[in-house]
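> One structure follows; several queries about it will come next.
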Number of protein chains: 2
Amino acid sequence: MEEINNVEVVPCTESEYLKPFRVLYNQVSYLFVSVLLFNTTSHCFVLVKQFRPAVYMCEWEKAKTKTSQGAEKTEEGDASESQEGQSASAEESSPSSQWPPALAGVTYELCAGLVDKPDLSLEEIARQEVLEECGYDIPASKLKRITSFRTNVGLIGSKQTMFYAEVSDDNCVSAGGGDPREGELIEVVKVPLHEAMTFAYDERIPKSLGLIFSFIWFHNNMSPKYKISTNV
Amino acid sequence: MEEINNVEVVPCTESEYLKPFRVLYNQVSYLFVSVLLFNTTSHCFVLVKQFRPAVYMCEWEKAKTKTSQGAEKTEEGDASESQEGQSASAEESSPSSQWPPALAGVTYELCAGLVDKPDLSLEEIARQEVLEECGYDIPASKLKRITSFRTNVGLIGSKQTMFYAEVSDDNCVSAGGGDPREGELIEVVKVPLHEAMTFAYDERIPKSLGLIFSFIWFHNNMSPKYKISTNV
């Protein structure tokens, strides 16, 4: 993740942010899958950490707005705006610039992907994502369906199906990291079971709701098989 | 909701689906709020039900694809594709047409809104949404922060802060329904506490992940104050 350091904000002359739309309607991409991965050898959740241009643009807009409003003014009630550590805010890291550090665009998420191969089952698509992004080779039959829901109903409305899978160190066949041909630059990260609930509700760590929900789902459904600390 | 009946799919000659982007960068809209509302008089959750064009477009794409692939072919592994009742699928309701019924674009969601007034706190914005969409007039101090997270990291990357608020029938001052000037057509629906967990995991009911997560959060955090059935 450290190799992301050439972040620039340039005019969007060719509608870069519309490309996902074109994909959406050309590749039957109304379906997504995500997978909560639990490593039973190390008792860790296996997540991905990605630089997300859209998140970065939000942070850039925020930094710009704050700069124009003056440094003293803070957003009332938004506790997590005073970010530290992993989600360094623009004010702390580059007070003289409107460009936040690249880290401001990095989020923690579940292993996930687009359903772009209509001949494969959702489980098989999920299996491929687990292999490509996280490096674990498991049979599709190990994917347990958690539930499905609509994502971003205001703009996309796609359906996402969430799975749970247990993996072990024996299933680990590569470092993961995504498919470079698809422009993916993914870092695989592990969150120990005993830190999961603290991680889920720590607003300083930028993450997707799917990640938070899946940790709570695990807590409610996988205990007492795996004991998860709720001392938060 | 029944008055939505003139659904047509026409060529998108003026990039209708890009308008949200324009709003996004003009109105400091990197922040959203959502509110889980619990009515302590009737022991019901108060939700909103909306026609979502983006969801409808997804269903339209799905119906088109399935028609072109033949009616016999089903999507393996996607159990909820065999939808019934509230989320009638295209095949069942309009076998001779590629246009699904309007109901296919309706989703259940938490009361929510865009943070478009920079001078107000997130709690105050949330309070206004509760009043406009659901008709309950409560002080901002009754809004308890649950957590925050990133939404749709691939395309938008906005931050959503989720609140919880208890309301009573005494706080109900209008029927809600959103602001017609903003084009909102919202139906307020109640889900009894004892049906909440079944509702949350019923994949035939189209809903946002925020809704599912908030019900589970309530179950984990508001019990035993309010007993929620887990017999699902």
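> Which of the following residues is closer than 30 Å to A:Thr67 by Cβ, β-branched (Val, Ile, Thr), at the interface with chain B (Cβ under 8 Å from one of its Cβ atoms) and buried (at least 16 other Cβ atoms within 10 Å of the Cβ): A:Thr147, A:Thr151, A:Thr107?
Values: A:Thr147 fails: closer than 30 Å to A:Thr67 by Cβ; A:Thr151 fails: closer than 30 Å to A:Thr67 by Cβ.
On inspection, the qualifying residue turns out to be A:Thr107.
> Sticking with this structure for a sec: Taking B:Met197, is it buried (at least 16 other Cβ atoms within 10 Å of the Cβ) and within 12 Å of chain A (Cβ to nearest Cβ)? Can you show your working first?
On the way: buried (at least 16 other Cβ atoms within 10 Å of the Cβ): yes; within 12 Å of chain A (Cβ to nearest Cβ): yes.
Yes, satisfied.
> Take B:Ser214 and decide whether it is of a type in the set (Ser, Thr, Tyr), crowded, with 17+ Cβ neighbours inside 10 Å and at the interface with chain A (Cβ under 8 Å from one of its Cβ atoms). Give the steps one after another, and end with the answer.
On the way: of a type in the set (Ser, Thr, Tyr): yes; crowded, with 17+ Cβ neighbours inside 10 Å: yes; at the interface with chain A (Cβ under 8 Å from one of its Cβ atoms): no.
When the stated conditions are applied, B:Ser214 does not pass them.
> OK, next. Within the set of pairs 6+ apart or on separate chains, which have a first residue in segment B:38-57 that is away from chain A (no Cβ under 14 Å), a second that is in a loop (DSSP other than H, G, I, E, B) and modelled with pLDDT of 95 or more, and C-beta atoms under 6 Å apart?
Once the first residue is away from chain A (no Cβ under 14 Å) and sits in segment B:38-57, its partners that are in a loop (DSSP other than H, G, I, E, B) and modelled with pLDDT of 95 or more give B:Thr40/B:Ser168; B:Thr41/B:Ser168.
> Here's a follow-up. Restricting attention to segment A:110-145, report how many residues are within 25 Å of B:Tyr201 (Cβ to Cβ) and in contact with a helix residue (DSSP H, G or I) (Cβ under 6 Å, 6 or more places away or on another chain).
10
> Report the residue count in segment A:167-206 for those that are hydroxyl-bearing (Ser, Thr, Tyr) and under 18 Å from the mean Cα position of the chain (by Cα).
Here is the first cut: in segment A:167-206, the ones hydroxyl-bearing (Ser, Thr, Tyr) are A:168, A:174, A:198, A:201.
Narrowing further to those that are under 18 Å from the mean Cα position of the chain (by Cα): A:198, A:201.
Going through segment A:167-206 one residue at a time, the tally reaches 2.
> Is it the case that segment B:173-185 has a residue that's at the interface with chain A (Cβ under 8 Å from one of its Cβ atoms) and surrounded by fewer than 23 Cβ atoms within 10 Å (Cβ to Cβ)? Steps first, answer last, please.
So in segment B:173-185, the residues at the interface with chain A (Cβ under 8 Å from one of its Cβ atoms) come out as none.
Checked against the condition, which is being at the interface with chain A (Cβ under 8 Å from one of its Cβ atoms) and surrounded by fewer than 23 Cβ atoms within 10 Å (Cβ to Cβ), segment B:173-185 yields no hits at all.
> On the given criteria, is A:Ile205 of a type in the set (A, V, I, L, M) and closer than 27 Å to B:Cys58 by Cβ?
Working: of a type in the set (A, V, I, L, M): yes; closer than 27 Å to B:Cys58 by Cβ: no.
Criteria not met by A:Ile205.
The values are calculated or read from the model by the stated rules, or taken from the named source; none is laboratory data. Because the structure is predicted, anything quoted here is derived from the model rather than measured. Methodologically, a virtual Cβ is constructed for each residue, glycine included, from the backbone with ideal geometry; neighbour enumeration extends over all protein chains shown.
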